[in-house]
Amino acid sequence: LSDEQRILRIVKLIKENNPDFFTSQEVSDLDAALCLYEKLSPEFAEFYLFMGPTACILQNPSGLFIASKYKTSEPGFADFSDIEGSEQMVNKGYFWFSTPFAHVITTHLSPSSDDLNPTALENETRWQEQQRIWEKGRELFEASNQPVFVLGDLNTSSGPLFDHRLNQETTALSETDYLVDRNFRYKADAKPRGTTLDHFLSLFKKVDVDTKVVATFDVTQPEKAISDHPALFSEVTLSKDLF
């Protein structure tokens, strides 16, 4: 599908699920980010987009995109550029903001050349990236005593954030390699591989989280895919005794 077709279908999916917050990764193209903003602006109050631009023409910004129906405060972005092995062509990092009831950190960690067989350096890079996010989350929590949610494409299912998570997760299988092999490399032996890369993690305070997977592709009809990653829809129930 063309970028325009995919964006329109993604917007339709967002509106059908009606989240209070929407976050996405790989929205590096400014025109695509502005299109999402234009289509979603009637439903959402605040937007953050095109974070982490650099002076290097060949390097994309972080690709993080956020839409919120709530008033947010104290937003910030930090990159991973000084971490060895961090992706070079994208200014990978994490973005945080606060709401009246919780803090949210969204990120896209550095990838592996092979999702099923990451190298030692790739695992170490993501460990250090997660540690940065963990430290920022602890800082936000200690200043407010409010829950911290970390969400996004973590490109892994292990590390400091997973060691400290307080919620049970729903498995969401991505099919990047399969969709690329079948549609762009035309490999006759292309097969679904299924890797869990996307997560919603709650930290520091136990909350009720119900996460469901929202399909964005069908491996039997890959030409209709609007993403190579399924969407996660997480409902969080907060009780007054948390504050």
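The values are calculated or read from the model by the stated rules, or taken from the named source; none is laboratory data. Quick caveat, the model's predicted, so the values are computed rather than measured. Cβ coordinates were reconstructed from backbone atoms using ideal geometry, including for glycine residues, and neighbour counts include every protein chain displayed. Only protein heavy atoms, including side chains, enter the accessible area calculation; ligands, DNA and RNA are left aside. Shrake-Rupley method; radii C 1.70, N 1.55, O 1.52, S 1.80 Å.
Data table
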| read-out | value |
| --- | --- |
| Positions within region 25-83 being surrounded by fewer than 13 Cβ atoms within 10 Å (Cβ to Cβ), under 17 Å from T106 (Cβ atoms) and among the β-branched types (V, I, T), in sequence order | none |
| The lone exception for A143 - which of (1) of a type outside the set (S, T, Y); (2) open to solvent by 30 Å² or more (accessible area, probe 1.4 Å); (3) out of contact with any Phe, Trp or Tyr (no Cβ under 7 Å at 6 or more places or on another chain); (4) under 24 Å from F22 (Cβ atoms) it fails | (4) |
| Hits in region 16-38 - residues which are assigned to a helix (DSSP H, G or I), closer than 16 Å to S227 by Cβ, free of Cβ contacts under 8 Å to residues at least 60 places away in the same chain and not small (G, A, S) | E16, C35, L36 |
| Members of region 150-179 found to be under 25 Å from W96 (Cα atoms), open to solvent by 40 Å² or more (accessible area, probe 1.4 Å) and not small (G, A, S), listed by number | D163, H164, R165, L166, Q168, E169, T170, T171 |
| Residue list for region 213-241, restricted to those being free of Cβ contacts under 8 Å to residues at least 12 places away in the same chain and under 23 Å from V11 (Cβ atoms) | D218, Q221 |
| Among (1) under 19 Å from A225 (Cβ atoms); (2) open to solvent by less than 70 Å² (accessible area, probe 1.4 Å); (3) touching a Pro at 6+ places or on another chain (Cβ under 6 Å), the one test that R182 misses | (2) |
| Qualifying residue in region 173-183 (condition: assigned to a loop (DSSP other than H, G, I, E, B) and either at pLDDT below 90 or more than 16 Å from E129 (Cα to Cα) (or both)) | yes |
| Any chance K191 is free of Cβ contacts under 8 Å to residues at least 24 places away in the same chain and either crowded, with 18+ Cβ neighbours inside 10 Å or over 17 Å from the mean Cα position of the chain (by Cα) (or both) | yes |
| Matching residues in region 84-125 - criterion: being aliphatic (A, V, I, L, M), in contact with a strand residue (DSSP E or B) (Cβ under 8 Å, 6 or more places away or on another chain) and either open to solvent by 50 Å² or more (accessible area, probe 1.4 Å) or in a loop (DSSP other than H, G, I, E, B) (or both) | M89, A102, L109, L116 |
